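Each remark here refers to the structure printed beneath this line.
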Amino acid sequence: MSVGKVRDTTVASDIVIVCGLGSLGQSCVQILKKFGVLVRAIALEVSRDLRLELEQELDALVIGDCRQAKVLERAGVSQARSILIVTSDEQCNIATVFAARSQNPKIRIVIRSAQQNLNALLADHLGNLLAFEPTQLPAPALALAALDEDTLGFFRLQDYRLRMTQVQITADHPWCNRRKLHELKGLTRRLLLHIPGQSSPMALRSQPIFHAWDPETIIQAGDRLVYLEATETAVLTPQKSNRLALPNPSRWDRLRSLPLVQLRGKAQAIWQDSSQTQRVLIVCGLVILVLIVMGTLLFSLYQPSQSIFDSFFATATLLLGGFGDLFGGLEPHPQPGWLRAFSLLTAIAGTAFVGVLYALLTEWLLTAKFQLVKRRPPVPKADHVVVIGMGRVGQRTAVLLQEMKQSIVGVSSSDLDATILPEMPLVTGKLINALAKVNLATAKSLLVVTDDEVGNLEIGLMAQDLNPDLNLVIRVVEPQFSQNIARLLPHAKVFAANALSAEAFAAAAFGENILHLLRFDEATVLVTEYTIEANDTLNGLLLAEVAYGYGLLPIWHQSAQYASVQLMPSDEIRLSIGDRLVVLATTRTLRHVERGQQLPKTWQVKVVAAKHQEAQFEGAMAIARVTGCEVSVAQTMMKQLPAIVPVKLYPHQAHHLVKQLRGCQVNAVAVSP
């Protein structure tokens with residue numbers, strides 16, 4: 001997978017080409033225009049009404065097959081910085097990748113494709129390529145909307161699971177009237193949004209998502225907080241015995257290294273890993289082996305005239321039920337009575353073993369022939385989620401709901417393969433008729449995620465009549481259609497899937513590596529990865545300048561120099577070439593990074609006094625660390641107190657510096673403009 005990069009806007013071209021003007025392509029065009037770039041499109045055919053509408057959005061429209069070199073040349077692919085290949089034909093998309101790369105070896109390619117293995121191979125061989133499956137991107141948002149709980153999003157970064165959570169502060173909440181907003185910041189938590197209880201919805205939509213809160217604000221009843229928290233998922237490995245670490249092993253340690261003891265340990269491991277059927281076979285096989293060895297030795301001992309092979313075949317005959325063949329008749333036999341008793345027991349054991357073997361073979365044959373599978377569980381009685389539509393979106397959403405331990409039932413117009421979600425109850429048949437079979441009156445939520453928008457609306461209206469209190473989540477393709485559904489079903493959560501996916505495609509066109517997509521309060525948040533290069537707009541900045549200047553939220557940093565990884569990194573880290581950084585961002589903030597448009601620094605910090613000389617030294621170090629100024633400048637300033645720190649800061653950065661100085665026993669205050 002290629003890693004995102006911030007391009008130097010003074011060098012790179014401002015042309016982005018979109019191949020395919022379906023719903024996804026049109027949404028990509030609308031979002032790209034917000035980045036202020038030249039957007040050109042290639043479409044095989046476009047209706048007259050749509051062409052008139054697109055002419056207002058597009059800088060150029062080329063009618064033709066995007067796989068053809070001449071069509072790509074007319075669109076200016078050789079001068080373009082990126083190309084988004086988002087037609088509904090995957091074969092066409094793959095062919096266009098090679099055609100575009102042959103004309104422009106440096107162009108950024110973002111492709112719509114569900115072929116994961118092929119996508120990885122293309123990225124390795126062609127480079128600067130990123131692939132998305134638009135039906136999969138909205139699945140987490142759909143699953144979380146169905147739960148209707150405090151969790152707004154979740155994703156993984158290496159060994160960490162991160163969760164976006166919202167909490168409504170009540171009078172008895174432990175944070176109410178006791179904690180300030182800046183106190184929520186910790187090693188595993190970052191505050192994203194603070195919504196005061198008296199805020200109007202219109203005021204909230206106009207403010208930035210991140211950092212738009214005063215650190216000194218006291219949390220009060222009625223406030224709503226949205227924060228990101230992380231849980232480390234360490235990989236558990238067996239602890240080695242202290243004895244193995246000793247330089248001089250004991251006698252028992254030397255015995256444990258013998259082959260016989262090692263073989264015993266391996267045998268125990270095999271036994272523990274075996275199934276019930278395998279254990280039966282192991283026991284029967286060992287018994288038969290012991291009987292064959294004993295029988296061969298005993299017959300050879302008491303009948304010296306027989307060869308070892310004759311004794312072996314006599315024992316095998318007994319195991320196959322041939323006792324009468326060897327000891328038939330009433331004539332006395334030269335063998336002692338105990339040997340004949342042993343032979344009888346051997347014949348009985350062999351008969352039992354053959355019966356077990358026949359039973360197991362019969363079971364295996366029936367399973368292979370008739371494909372006997374475990375029956376699906378029954379439909380839950382209450383507090384479950386109904387997922388209507390078991391296409392790729394429905395299956396992915398169902399998997400996520402099962403991972404969150406949510407009881408679900410799937411509804412599909414046709415039967416699913418038994419290996420697909422085997423633990424999920426499934427109702428098949430006409431989708432509208434299935435509503436009467438899924439206990440909708442007692443269900444928690446209903447997800448309607450089929451590809452038929454009109455059918456989704458019909459099912460949603462019927463479900464609302466059956467259960468007005470149902471949490472209804474509807475997937476649509478066309479963004480315009482979502483507005484119509486919202487008017488008919490005002491309490492439903494309507495997701496325009498292609499509009500959500502288009503934000504990831506558009507952001508990826510500028511080199512960013514989009515890892516995940518989150519959704520809350522009608523805003524889309526992109527989990528975005530950067531790799532810092534020499535001409536990047538982020539190179540050389542403190543993380544505080546990245547966060548507060550561009551409106552991003554850094555959540556993961558890996559240093560190229562020290563190969564260290566830090567979750568919820570400190571604001572005092574300075575980025576350098578080769579560093580990797582993962583942030584939460586919106587398309588708006590990514591556009592600011594792309595253009596290098598930082599918010600101005602307007603706050604200052606006034607240092608009043610230091611209690612002693614050591615505090616003066618530590619205060620200078622804190623100023624240099626937080627603001628990024630030279631240590632000598634900070635030390636000179638600390639010798640001339642009271643003084644103003646000679647670097648302007650962002651509000652949160654100034655508050656952090658004051659807090660650090662107070663910890664060094666230096667009195668300081670933040671000064672607003």
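When Ala560 is tested against (1) surrounded by fewer than 20 Cβ atoms within 10 Å (Cβ to Cβ); (2) at pLDDT 85 or above; (3) out of contact with any Asp or Glu (no Cβ under 6 Å at 6 or more places or on another chain), only condition (3) is not met.
If the condition is being in a strand (DSSP E or B), within 29 Å of the chain's Cα centre (by Cα) and closer than 17 Å to Ile218 by Cβ, then the range 161-192 contributes Val167, Gln168, Leu191. Just the residues that are part of a strand (DSSP E or B), among the β-branched types (Val, Ile, Thr) and either touching a helix residue (DSSP H, G or I) at 6+ places or on another chain (Cβ under 6 Å) or open to solvent by less than 10 Å² (accessible area, probe 1.4 Å) (or both), please, taken from the range 523-534. Selection gives Thr524, Val525, Val527, Thr528. Inspect all residues belonging to the range 590-602 and state whether any of them is assigned to a loop (DSSP other than H, G, I, E, B), open to solvent by 10 Å² or more (accessible area, probe 1.4 Å), out of contact with any strand residue (DSSP E or B) (no Cβ under 6 Å at 6 or more places or on another chain) and of a type in the set (Lys, Arg). No, that holds for no residue.
Read through the list (1) free of Cβ contacts under 8 Å to residues at least 12 places away in the same chain; (2) open to solvent by less than 30 Å² (accessible area, probe 1.4 Å); (3) aromatic (Phe, Trp, Tyr), then give the number of the only condition that Phe520 fails. Of the numbered conditions (1) free of Cβ contacts under 8 Å to residues at least 12 places away in the same chain; (2) open to solvent by less than 30 Å² (accessible area, probe 1.4 Å); (3) aromatic (Phe, Trp, Tyr), the odd one out for Phe520 is (1). The number of residues in the range 613-641 that are in contact (Cβ under 8 Å) with a residue 12 or more places away in the chain and open to solvent by less than 80 Å² (accessible area, probe 1.4 Å) comes to 18.
A search for C-beta distances below 8 Å between a residue of the range 19-43 that is more than 22 Å from Glu73 (Cα to Cα) and in a helix (DSSP H, G or I) and any residue that is open to solvent by 20 Å² or more (accessible area, probe 1.4 Å) and of a type in the set (Lys, Arg), counting only pairs 6+ apart in sequence or on different chains, returns Leu24/Arg112; Lys34/Arg588; Lys34/Arg591.
Each row is one residue, and each column tells you yes or no for (1) assigned to a loop (DSSP other than H, G, I, E, B); (2) of a type outside the set (S, T, N, Q).
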residue	(1), (2)
Val605	no, yes
Ala609	no, yes
Ile623	no, yes
Cys629	yes, yes
Ser632	no, no
Gln640	yes, no
Pro646	yes, yes
Gln653	no, no
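One residue stands out in the range 458-516 among those that are modelled with pLDDT of 75 or more and acidic (Asp, Glu): the one that is least open to solvent (accessible area, probe 1.4 Å), namely Glu503. Criterion first (of a type in the set (Phe, Trp, Tyr), at pLDDT below 75, surrounded by 14 or more Cβ atoms within 10 Å (Cβ to Cβ) and in a helix (DSSP H, G or I)) does Phe342 satisfy it? Yes. Counting only helices (runs of 4 or more DSSP H) that fall entirely inside the range 446-513 and contain at least 3 residues that are without any contact (Cβ under 8 Å) to a residue 40 or more places away in the chain, the qualifying elements are 453-466, 479-488.
Residues that are open to solvent by 10 Å² or more (accessible area, probe 1.4 Å) and of a type in the set (D, E, K, R) number at least 1 in the following helices (runs of 4 or more DSSP H) confined to the range 71-155: 90-103, 116-126.
This table checks each residue for (1) touching a strand residue (DSSP E or B) at 6+ places or on another chain (Cβ under 9 Å); (2) in a strand (DSSP E or B); (3) of a type in the set (Asp, Glu); (4) under 17 Å from Ala145 (Cβ atoms).
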position	(1), (2), (3), (4)
Val393	yes, no, no, yes
Arg396	no, no, no, yes
Val399	no, no, no, yes
Val411	yes, yes, no, no
Ser414	yes, no, no, no
Leu421	yes, no, no, no
Met424	yes, no, no, no
Ile432	no, no, no, no
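Please determine whether any residue of the range 535-547 is part of a helix (DSSP H, G or I) and within 23 Å of the chain's Cα centre (by Cα). Checking the range 535-547: not a single residue is part of a helix (DSSP H, G or I) and within 23 Å of the chain's Cα centre (by Cα). The single condition from (1) in contact with a Leu (Cβ under 7 Å, 6 or more places away or on another chain); (2) open to solvent by 60 Å² or more (accessible area, probe 1.4 Å); (3) of a type in the set (Gly, Ala, Ser) that Ala668 fails is (2).
Within the range 505-545, the set of residues being over 23 Å from Lys33 (Cα atoms) and β-branched (Val, Ile, Thr) comprises Thr531, Ile532.
The values are calculated or read from the model by the stated rules, or taken from the named source; none is laboratory data. It should be emphasised that the depicted structure is a prediction, and the values quoted were computed from it without experimental measurement. Here the Cβ is made from the backbone with ideal geometry for all residues, glycine too, and neighbour counts use every protein chain on show. Surface accessibility is based on the protein's heavy atoms, side chains included, excluding ligands, DNA and RNA. Shrake-Rupley method; radii C 1.70, N 1.55, O 1.52, S 1.80 Å.
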